[in-house]
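For reference, the structure discussed in these notes is given below.
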Amino acid sequence: MNLTLKVWRQKNRNTEGKIVDYQVKDISPEMSFLEMLDVLNEDLLRQGDEPVAFDHDCREGICGSCNLFINGRAHGPESGTTTCQLHMRKFSDGDTIVIEPWRANAFPVNKDLSVDRSAFDRIIQAGGYVSVNTGGTPDGNEIPIPKEIADRAFEAATCIGCGACVASCKNASAMLFVSAKVSQLALLPQGHVERKTRVENMVAQMDKEGFGACTNIGSCAAECPVGISLENIAILNREFLAAKATSNNLV
Amino acid sequence: MSWISNTFSSSIGRKIVMAATGLFLCSFLVVHLVGNLQLFKNDGGLAFNAYSEFMSHNTIIRILEIGLVAGFGLHIFEGLLLASKNKAARGSSYVSNHIEQNSPWHSRNMAVLGSLVLFFLIVHLYNFFGTLRFGEPLKDAQGNENAYALVVDAFHNIFYVALYVLAQFALLYHLLHGFQSAFQTLGLNHRKYTPLIKLVGVVFSVVVCAGFAAMPIYFYFFK
C-alpha cells in the first residue's frame, strides 16, 4: 500500500509545531501502525532527515506508551486497541492519514508525536498506592475478597495509563484515569486505610496539573483501549464527596 | 473552614454544584409546567390569574423565589466558569478531531445550549415577570392581575411564538444530557438503576419541553 502521512512535527516544547506531508510506499497490510512509522523513519534517515519522534515500548498493548492521535481518534479508528495493536489492513491503498500527539495543557509535547505524561505519575504519587510499613508478605487468601469485588477491582486495574481518555475528552479531563486508580484501591480491603486521604490528594493533584472537569460525554470510555467504564467516574465522585464530608483532613 | 471552599472549588466540587442545582432547576420546571397548564382551562384565564396572584404575593413562595434565583445564578456561573476552564485545559486544538464518532453532539455543547436557554429566560422574564412585578397590569373580573391577557398578547406575536418553541428545543437537548449526567456526577451510577434514570431523563425532557412548547402554539392558533 502507498500512503500519504500528515505528521505533526515539533522541535521541542517551546517551539510551534506544524503538519508535514510524507509519502510511504510498499507498506504491507500485516504491519502494525508503529512498524509503518518505522519504515517512514528509515526512509527519513536514508534521506538525511530527522526521524519522527514517537513513544513506544512493549508493542503488545500493555505499556500504554504508543499514544498517537490518528485521523481524529485516540489510537486510531479501531476501538479497544492501542496504536501498536492497530494494523495497516484497517487502511486502504492511497489513504491520507493525519497523525498528531495527544493535546492537553497537562501533557506538553516533548518532540513531534512524543508527549510528557509525567502529570499522571504525579497523580499516582499523590495517593495511588497502598502503604505497607511493616511485616512480611501476607499468606494468599488471608484477606477474604469476594470474587465479584476482585473482578471489579481487576477491571479498574487494567488501566495502562496511556492517556487516551485525556486526549479524546473535549475538556482534556483525566477523570477516567484517576477514577480507575481510585476505585481499584477503594474496592479492596488493602486500600481502605488510606481511602479518604487518597481520593482527596489525587483529585487535588489532578486539578493542579491543569486537567479539565468531566462533563460525562463518554468519549474517554469509548476510546479507552482496555474498556475502563464510566461507572468508575461515578465511584470517584462519591468517594470524593464522602471523603470531603467525613475525613479528618481540614484542607 | 478552608476545606469547604477547597471542596467546592475543586473540579469535582464544581461539577457537584452543577448537578445539584441542575436537578433543583428540573424540579422548578415541573412546578412551572404544572401551574401553567391552567392556561388551557377554558375560563378566560380566571384560574390562571388566581394562581399567578398567589405565586407572586404569597410570602413562602417569595422566600423560595430567592432560592430559585440563587439556583439559576450558581448553575449559570459555575457552568460558564467550567466551560472556560475546560476549554483552556485542551490548549492547542487538533488538526483533525472526529469526536463526533465517540460522543453525541448535545452532550458536548451544554454551554451553547445553556446560553440559548439563558437568552430565552431573559426575554421570558421581560415578557411576563417584568410586567407583573414592576409594571401596572390590568385586573380581571375577580380583581386579580390579568397575567392571562399578557400571555394571549405575547403569543399572538409570531416572533415570540417562534422564539419560545425554538427555546424548548435548546432546553430539550440540554435536559437530555443534563438529567442523567447529574446523577452520574453525584455518584449515583448502578447497573440496575442507571438504565432507568436514563429512560426517565428522556421521558422527562420530552414531556416538559413538549408541554411548554404547546402553550405558544395553542394560543397562536386557537385563542
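Structure values in brief
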| read-out | value |
| --- | --- |
| Proportion of all alpha-carbon pairs of region A:3-110 beyond 21 Å (%) | 32 |
| Cα point-scatterer Debye curve for the protein assembly as shown, base-10 log of I(q)/I(0) at q = 0.09, 0.10, 0.11 Å⁻¹ | -0.73, -0.85, -0.96 |
| Peptide A:63-72, shielding by other chains (average Cβ, 10 Å cutoff) | 2 |
| Relative contact order (%) - criterion: Cα under 8 Å, at least six apart; region: chain B | 29 |
| Per-residue mean of C-beta atoms belonging to partner chains within 10 Å, peptide B:71-84 | 1 |
| DSSP bridge orientation in the protein assembly as shown - percent antiparallel, rounded to nearest 5 | 75 |
| Most fluctuating residue given options A:105, A:171, A:141, as computed from a GNM of chain A linking Cα atoms under 10 Å | A:141 |
| Cα-Cα separations in chain A greater than 35 Å, expressed as whole percent | 23 |
| Lys/Arg +1, Asp/Glu -1 at C-beta; region B:14-121 dipole; positive extreme among B:97, B:109, B:79 | B:97 |
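Since every read-out is calculated from the coordinates, none of them should be taken as a lab result. Quick caveat: nothing in here was measured; it's all calculated off a predicted structure. A quick note on method: Cβ atoms are made from the backbone with ideal geometry, for glycine too, and the neighbour counts reach across all protein chains shown.
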